[in-house]
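Let me give you the structure first, and then I'll get to my questions.
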Amino acid sequence: MSTLAALSIRRFDARDTHAVIALWQQAFPEYRDATKPQRNPHLSIANKLATQPELFFVAVLDERVVGTVMGGYDGHRGWLYSLAVDESLRRHGIGSRLVAHVEEALTVRGCPKLNLQVLSAKSEVRAFYESLGYRADEVVSLGKRLGELASIPAA
């Protein structure tokens, strides 16, 4: 059976926490950097569970979490976050399925446009999204840290 045929996508459950953190630390090296508290995976999960938890999905293969994606929608634009696929299973269509899943969930909510951000150094990630029809918008992304993270330099 192909990887895609055996794969299921479902909402995140708190029991997935350890598996999701391990996957994120593999997929996003910055989550392993203790000098970047804004990249705390526990905080990311807690924040998502407090805001639109129904848009936090995991891909499961043989009862193992092998991918994640988060969506968000503010009534104006949608956002895609934290797309991750287990290193050993990349290029099998799991990431594409996760993106399609969150796109459908946002479409059902009436979302007219989906945005995402890619670190400029990650050209292979940008190429993946471009293969799915995403294009660079003519915008500049600005950011400002708030609260206890305000003193951390942007990176």
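Coordinate-derived values only; no laboratory data. Source: prediction; values computed, not measured. Cβ coordinates were reconstructed from backbone atoms using ideal geometry, including for glycine residues, and neighbour counts include every protein chain displayed.
May I ask you to evaluate 6.51 cos²θ - 1.76 cosθ + 1.60, the Karplus curve with θ = phi - 60°, for each residue of the range 105-112 and list the ³J(HN,Hα) values in order in whole Hz, giving x for glycine and proline?
4, 6, 4, 4, 7, x, 5, x
³J(HN,Hα) across the range 8-22 via Karplus (A = 6.51, B = -1.76, C = 1.60, θ = phi - 60°), whole Hz, x for Gly/Pro?
Going residue by residue, I get 10, 10, 9, 5, 4, 10, 3, 5, 7, 3, 5, 5, 5, 4, 4 Hz, with x marking Gly and Pro.
Still on this model: Net charge near residue 101, counting Lys/Arg +1 and Asp/Glu -1 over other residues with Cβ under 13 Å of its Cβ?
My count for the surroundings of residue 101 gives 0.
As an exercise, find the ratio Rg/Rh for the range 1-133 from alpha-carbon atoms, using the Kirkwood inverse-distance average for Rh.
0.94
Scan the chain and hand back the longest stretch that contains none of the GluC sites (Glu not before Pro) lying in DSSP loops with at most 11 other Cβ atoms within 10 Å.
Numbers: sites that count: 63, 138.
That would be 64-137.
Quick one: 3J(HN,Hα) in Hz for the range 55-65, Karplus 6.51/-1.76/1.60 with θ = phi - 60°, rounded, Gly and Pro as x.
10, 10, 10, 10, 9, 10, 9, 6, 6, 10, 5
5 Å is the cut-off here: which amide hydrogens, built 1.01 Å from N in the peptide plane, fall below it relative to residue 115, excluding neighbours closer than 5 in sequence?
78, 79, 80
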